[in-house]
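Visitor: Here it is, the structure in full.
The values are calculated or read from the model by the stated rules, or taken from the named source; none is laboratory data. The model shown is predicted, which means the values in this text are computed figures rather than measured ones. Cβ placement follows ideal geometry from the backbone for every residue including glycine, while neighbour counts extend to all protein chains displayed.
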Amino acid sequence: MTGPAATRGSRPTAPAPAPEPTPTPAPAGLAALLADATERLRAAGVDSPRANAEQLAAFALDVPRSRLVLVTEVAGPAAERFAELVRRRADRVPLQHLTGVAGFRYLDLAVGPGVFVPRPETESVAGWAIDWLRGRAQDDGRGVAGDAGPVCVDLCAGSGAIALSLAGEVPGARVHAVEVDAAALVWLRRNVTASGRAVEVHEADVCTEPPASLTRLAGAVDLVVSNPPYLPDADRAAVQPEVGEYDPALALWGGPDGLDVVRAVVALAARLLRPGGRLVVEHADGHGAAAVALARADGRWRDIRDHPDLAGRDRFVTARRAVHGSTG
Ligand SMILES: C[S@@+](CC[C@H](N)C(=O)[O-])C[C@H]1O[C@@H](n2cnc3c(N)ncnc32)[C@H](O)[C@@H]1O
């Protein structure tokens, strides 16, 4: 039997040389790898470089970070994985995009390109909402016992961090999550499905007339919570690369004063909430007075208060829906 080269009348070609075997990387000591990675990340301007290095090492080794103390030597392939992760983090790819996970309260949320990475300061926003929902029987006289569970709406839901926290931490909560961005909706639906929690997802723009799926809730909602985009457009040049290059623009920028979407959220919440229901809205630090003034000017809110985050910075405003006042 002749080979193809012979049938075309050409000389048989020499067989291609076998590829060089990839040398097996030498194992390396974890302490030295971590020290080196920390210095690389520090030099690249990454905040908390040691913590980042440890989280990437834990991811590369597929162990919880708390188990790193038990690791002395890192096998070659894991050391290579770690080196590549550190290289990308030094290029300022967000840590959570490298690991694919963002921790938020009791949740591990899937995140990546196309969705905002939930931030620790939002945990206290969700915490206030959860505490109020759990204690609302004392707060406003409505009984929890025997009722069907509070109705909650998360406007600008992103990955679902707040909505899924409410659904997981408030017994019986009936949670709705509203998001406009198609890419973010993919992550939101993925996290809702993975959690197995009962969160109804609405594709809607909070700045325009809401769809019937939302307006049917008007006057029946116990709590509206939101972490909307709130950075003033002028801050574009000032944000870190992880934010400016990887968080979606729609998640960040709130118009000339940063309050465009906050205003829309306050107006929509006034339509959705029952009298006595609560509004919780995160805002930029430095926007505390403006957020309170905005709710006062709206006229449909009482008990308007601003709250600091764990770092002591103005972070979110809360208000009670007045009994009187137009629902339009
Ligand atoms: C700052 S992120 C917050 C996401 C999530 N709630 C969290 O705390 O991680 C704001 C989210 O609002 C969404 N968004 C922006 N404008 C919106 C609008 N007009 N209607 C609905 N969602 C909007 C963005 O796509 C983004 O997912």
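Visitor: Based on what the data block shows, is ARG305 closer than 14 Å to VAL221 by Cα, touching a Ser or Thr at 6+ places or on another chain (Cβ under 7 Å) and assigned by TED's automatic domain parsing to the domain that holds VAL115?
Guide: no
Visitor: When the residues of region 148-158 are narrowed to those that are part of a loop (DSSP other than H, G, I, E, B) and within 12 Å of the ligand (Cβ to nearest atom), which ends up surrounded by the fewest Cβ atoms within 10 Å (Cβ to Cβ)?
Guide: Per the criteria, the residue is CYS156.
Visitor: Further question on the same structure: Can you find a residue in region 226-233 that is in contact with a His (Cβ under 8 Å, 6 or more places away or on another chain) and either within 14 Å of TRP128 (Cβ to Cβ) or crowded, with 16+ Cβ neighbours inside 10 Å (or both)?
Guide: yes
Visitor: Still on this structure, I have one more. What is the number of the single condition among (1) within 9 Å of the ligand (Cβ to nearest atom); (2) more than 21 Å from the chain's Cα centre (by Cα) that GLU209 does not meet?
Guide: Going through (1) within 9 Å of the ligand (Cβ to nearest atom); (2) more than 21 Å from the chain's Cα centre (by Cα) one by one, GLU209 breaks only (1).
Visitor: Oh, and also: Working only within region 96-134, note down all residues that are within 13 Å of the ligand (Cβ to nearest atom), in a helix (DSSP H, G or I) and under 21 Å from ARG190 (Cα atoms).
Guide: GLN96, THR122, GLU123, ALA126
Visitor: Scan region 118-137 for residues that are buried (at least 16 other Cβ atoms within 10 Å of the Cβ) and of a type in the set (A, V, I, L, M, F, W, C) and jot them down.
Guide: Matches in region 118-137: VAL125, ALA126, TRP128, ALA129, ILE130, TRP132, LEU133.
Visitor: Same structure, new question: Step by step: first the residues of region 246-264, then only those that are out of contact with any helix residue (DSSP H, G or I) (no Cβ under 7 Å at 6 or more places or on another chain) and more than 11 Å from the ligand (Cβ to nearest atom), then the one that is nearest to VAL225 (Cα to Cα). Which residue is that?
Guide: GLY258
Visitor: Shifting gears a bit: Give the residues of region 272-294 that are surrounded by 24 or more Cβ atoms within 10 Å (Cβ to Cβ) and away from the ligand (no atom under 16 Å from the Cβ), sorted by residue number.
Guide: LEU273, GLY277, ARG278
Visitor: For region 159-237, which fully contained helices (runs of 4 or more DSSP H) count at least 1 residues that are without any contact (Cβ under 8 Å) to a residue 24 or more places away in the chain?
Guide: 182-195, 212-215
Visitor: Would you check if there is a residue in region 39-59 being assigned to a helix (DSSP H, G or I), outside the structural domain of GLY168 (by TED's automatic domain parsing) and either in contact with a Cys (Cβ under 8 Å, 6 or more places away or on another chain) or among the polar types (S, T, N, Q) (or both)?
Guide: Yes, that holds for at least one residue.
Visitor: Condition check: more than 20 Å from ALA319 (Cα to Cα), surrounded by 24 or more Cβ atoms within 10 Å (Cβ to Cβ) and under 20 Å from the mean Cα position of the chain (by Cα). Does LEU185 satisfy that?
Guide: When the stated conditions are applied, LEU185 does not pass them.
Visitor: Which members of region 300-325 meet the condition of being under 17 Å from VAL224 (Cβ atoms) and either in a loop (DSSP other than H, G, I, E, B) or out of contact with any helix residue (DSSP H, G or I) (no Cβ under 7 Å at 6 or more places or on another chain) (or both)?
Guide: If the condition is that a residue be under 17 Å from VAL224 (Cβ atoms) and either in a loop (DSSP other than H, G, I, E, B) or out of contact with any helix residue (DSSP H, G or I) (no Cβ under 7 Å at 6 or more places or on another chain) (or both), then ARG300, ARG302, ASP303, ARG305, ARG320, ALA322, VAL323, GLY325 are the ones that fit.
Visitor: Applying the selection to region 60-95, what residues are touching an Asp or Glu at 6+ places or on another chain (Cβ under 9 Å) and either part of a loop (DSSP other than H, G, I, E, B) or of a type in the set (S, T, N, Q) (or both)?
Guide: Matches in region 60-95: ARG92, VAL93, PRO94.
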